[in-house]
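The values are calculated or read from the model by the stated rules, or taken from the named source; none is laboratory data. Since this is a predicted model, take the numbers as computed values, not measurements. Here the Cβ positions follow ideal geometry from the backbone for every residue, glycine too, while neighbour counts run over all protein chains shown.
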Ligand code: APR
């Protein structure tokens, strides 16, 4: 399995969250990326989402995404590849990856905040920077179909990732600072379940270095095409 983070989309021109020029240096995560913020100041959440949608809707997959998609299509019948991504940009799917678990949701969709409403999440790349959009069915505010801080991961996504973590032979993490739970815990579970663990990242992880058998430092868009053949 491959766990990806924002670094895998850096070469597609999308900001990472931490490190040089990261989104959390441009936006206050506490004020615009938490479940609390969605209730206290939803327009601030929508301004961040609109900023990210403006960049992501025209972004193209880069050689890192393409190397992962190509690997999936080269596997034999006895092999499988699961991509569990923390990214919400949809670039793995656009590169041709089929088995993608979106741990943190998807920027491309909006949903109604009312749990009683029957409106399904719908594809929406609209920008909402002056007023909070409302559900056409029930009138409740709409929200982005992403996982904010203080929120649980989608249960199906979490369960599918746990299955891959427990059964994979190789756990490859790419372009992630390994700082956000529960995604950063998966490498320990995979190692304890007997997988070989590898990291491809621009810089060493702050705390999970001990969990990796191999660490390859460098840009994913250059290293992945080499490492994945
Ligand atoms: N190739 C490989 N790694 C890269 C590249 C690149 N071209 N560019 C940056 N990186 C690395 C950085 O060194 C950093 O360690 O990618 C990592 C990105 O880390 P973060 O910005 O923290 O992104 P991520 O790990 O995906 O964050 C996890 O945190 O804010 C939340 O929900 C958000 O999904 C996100 C989660």
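Do we have residue 59 as without any contact (Cβ under 8 Å) to a residue 60 or more places away in the chain, part of a loop (DSSP other than H, G, I, E, B) and within 14 Å of the ligand (Cβ to nearest atom) here? So residue 59 passes the test.
How many residues, within region 150-173, are assigned to a loop (DSSP other than H, G, I, E, B) and closer than 19 Å to residue 200 by Cα? Selection size over region 150-173: 2.
Cβ-Cβ contacts under 6 Å between residues 6 or more apart (or on different chains), taken from a first residue in region 216-229 that is within 18 Å of residue 203 (Cα to Cα) to a second residue that is part of a loop (DSSP other than H, G, I, E, B) and more than 9 Å from the ligand (Cβ to nearest atom), are absent. Being modelled with pLDDT under 95 and more than 25 Å from residue 68 (Cα to Cα) is true for just one of 137, 115, 143, 111. Which residue is that? When all the criteria are applied, what remains is 115.
Note on region 190-212: residues that are more than 19 Å from residue 163 (Cα to Cα) and part of a loop (DSSP other than H, G, I, E, B) amount to 8.
Of the set (1) assigned to a helix (DSSP H, G or I); (2) surrounded by 13 or more Cβ atoms within 10 Å (Cβ to Cβ), all apply to residue 128 but (1).
Can you pull out the residues in region 173-192 that are more than 7 Å from the ligand (Cβ to nearest atom) and either touching a residue at least 40 places away in the same chain (Cβ under 8 Å) or exposed (fewer than 14 other Cβ atoms within 10 Å of the Cβ) (or both)? Matches in region 173-192: 173, 181, 182, 186, 187, 190, 192. Listed by position, the helices (runs of 4 or more DSSP H) inside region 1-40 whose residues that are away from the ligand (no atom under 12 Å from the Cβ) and crowded, with 21+ Cβ neighbours inside 10 Å number at least 1 are 35-40.
Of the residues making up region 131-149, at least one is in contact with a helix residue (DSSP H, G or I) (Cβ under 6 Å, 6 or more places away or on another chain), within 13 Å of the ligand (Cβ to nearest atom), touching a residue at least 24 places away in the same chain (Cβ under 8 Å) and assigned to a loop (DSSP other than H, G, I, E, B).
Considering every residue within region 64-79, establish whether at least one is in contact with a helix residue (DSSP H, G or I) (Cβ under 8 Å, 6 or more places away or on another chain), outside any loop (DSSP other than H, G, I, E, B) and under 19 Å from residue 109 (Cα atoms). No, region 64-79 contains no residue that is in contact with a helix residue (DSSP H, G or I) (Cβ under 8 Å, 6 or more places away or on another chain), outside any loop (DSSP other than H, G, I, E, B) and under 19 Å from residue 109 (Cα atoms).
The single condition from (1) under 30 Å from residue 36 (Cβ atoms); (2) touching a residue at least 60 places away in the same chain (Cβ under 8 Å); (3) surrounded by fewer than 21 Cβ atoms within 10 Å (Cβ to Cβ) that residue 170 fails is (1). The residues of region 193-206 that are touching a residue at least 24 places away in the same chain (Cβ under 8 Å) and within 12 Å of the ligand (Cβ to nearest atom), listed by number, are 199, 200, 201, 202, 203, 205, 206.
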